[in-house]
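Step one of this worksheet: look at the structure below.
The values are calculated or read from the model by the stated rules, or taken from the named source; none is laboratory data. Since we're looking at a predicted model, the values are computed, not measured. All Cβ positions, even for glycine, are placed from backbone atoms using ideal geometry, and neighbour counts span all protein chains on display. Heads up: the accessible areas ignore ligands, DNA and RNA and are worked out on the full protein's heavy atoms, side chains in. Shrake-Rupley method; radii C 1.70, N 1.55, O 1.52, S 1.80 Å.
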Amino acid sequence: MKGILVTGGCGFIGANFVRLLLERGYSNVAVLDKLTYAGRLENLSGVEVPVVIGDIGNLELLRYVCRAHGIDTIVNFAAETHVDQSIASPFIFTETNVRGTHVLLEVARELGLRFHQISTDEVYGTIPLGQHSLESDVLQPRSPYSASKAASDHLVQSYFVTYGLQTTTTRGSNNVGPYQFLEKVVPLFATNALLGLPLPVYGDGLQMRDYTHVSDHCTGILTVLERGAIGEIYNVGAGQEITNLEMLEVLLQTLEKPCSLIRHVADRAGHDRRYSVSVAKLEALGWKAQFSPRDAVAAAVKWYADHPDYWQPVRESSSFQAYYARQYAARLEGKS
Ligand code: NAD
Ligand code: DAU
């Protein structure tokens, strides 16, 4: 990998991945990001890489950027990523996650680049207790977000099979850690708790998630880029799940805040009950997660407690406040 283009590098996981690449000695790294509401230049503060502001759906721009920066590998993090937003406004998810990925694949085909897709465990759908998703499982996405990610996974595989494009894909589980946008549950609840606001738990809170530290996800992705087999898909996660109420217990203990902040509210439509991935295939490449879900949540929550300068401007922004009111006002009043 002589020149790496990280699309979506101003988002949560992309920014952590850019930092890892530089730590590991990859010096020719460029970022392309549209800077949607979820993308922040602050996520790359202190990092010296060229950042191009643009849309992955812009084929001419992509072609130019790849040539200008000597890119031989695209790692695609760029996406619309929040399930609740996909329920409220689904079209942009098809536009970016499906069409945008397709444009990147075409550019990679035209220029002969390696292509790595960042996918999600949500493509497998909700998983019964006792079962763990394998990379070969049939995809059963259930939200507009996960359906758009599954569609892009299929496009990636089709480019490998049809054109022999050098592709790999990772399917990560629920990430937590520095620089995550506040709409996601752990930073939302951590900052709510720090502000003394109620924590709106969807439904009974017994949904299960494999909360994974973003640093483990990033080392998993790099492992696949360096040692993964072309054309293959690899799950990435801690490989164990906890319920949302257990996640909350860790969060409140870490912040020394009371359980009385918990408020059960109307559930998310089509809420997937459980995700659970087998990570044996990635472990066979020599990778291992360093954080359990509980340790990952505690570390993430501590980061938000220690970095109010990072999240306070977002909480105070009119766009976030409008989102919060749309998503939670009726729920917190007991209406759905
Ligand atoms: P994020 O929402 O924090 O960041 C997404 C980034 O993509 C933002 O910087 C945004 O500006 C950029 N972007 C959006 N649309 C774009 C477009 N059309 N062109 C260029 N840039 C665009 O997301 P994240 O949590 O960092 O997720 C990154 C990737 O990882 C996504 O593909 C997501 O599906 C996947 N993923 C996320 C998780 C998780 O728990 N957050 C887990 C598994 C997989
Ligand atoms: O599993 C991987 C996925 O993890 C990624 O593909 C997605 O991009 C990422 O957003 C995340 O999806 P989730 O839907 O699992 O994450 P979220 O933080 O939105 O919710 C986590 C759990 O917490 C889920 O069961 C819903 C619940 N929740 C969430 C919010 C925002 C609540 O109970 N209340 C809330 O206010």
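Things worth noting here:
- Qualifying residue in the range 51-62 (condition: away from ligand 2 (no atom under 16 Å from the Cβ), open to solvent by 20 Å² or more (accessible area, probe 1.4 Å), in contact with a Leu (Cβ under 8 Å, 6 or more places away or on another chain) and not aliphatic (A, V, I, L, M)): yes
- Residue in the range 187-208 that is within 30 Å of I4 (Cβ to Cβ), within 11 Å of ligand 2 (Cβ to nearest atom) and among the β-branched types (V, I, T) present: no
- When residues of the range 234-250 are limited to those that are open to solvent by less than 20 Å² (accessible area, probe 1.4 Å) and more than 12 Å from ligand 2 (Cβ to nearest atom), the one nearest to R263 (Cα to Cα): V250
- Criterion: within 7 Å of ligand 1 (Cβ to nearest atom) and either open to solvent by 40 Å² or more (accessible area, probe 1.4 Å) or outside any helix (DSSP H, G or I) (or both) - qualifying residue of A30, A38: A38
- Yes/no for E226 being surrounded by fewer than 18 Cβ atoms within 10 Å (Cβ to Cβ) and either farther than 27 Å from L285 by Cα or not small (G, A, S) (or both): yes
- The condition of being in a loop (DSSP other than H, G, I, E, B), more than 26 Å from Y323 (Cα to Cα) and not β-branched (V, I, T) does not hold for Y64.
- Residue selected from the range 279-316 under the condition polar (S, T, N, Q) and under 14 Å from H217 (Cα atoms), by the criterion least open to solvent (accessible area, probe 1.4 Å): S292
- Check on L105, assigned to a helix (DSSP H, G or I), hydrophobic (A, V, I, L, M, F, W, C) and within 13 Å of ligand 1 (Cβ to nearest atom): no
- Verdict on A88 being modelled with pLDDT of 95 or more, away from ligand 1 (no atom under 12 Å from the Cβ) and of a type in the set (G, A, S): yes
- Candidates in the range 165-201 are the residues that are within 16 Å of ligand 1 (Cβ to nearest atom) and open to solvent by 20 Å² or more (accessible area, probe 1.4 Å); of these, the one that is nearest to the chain's Cα centre (by Cα) is N174.
- Given (1) hydroxyl-bearing (S, T, Y); (2) open to solvent by 20 Å² or more (accessible area, probe 1.4 Å); (3) at pLDDT 95 or above, index of the condition S336 fails: (3)
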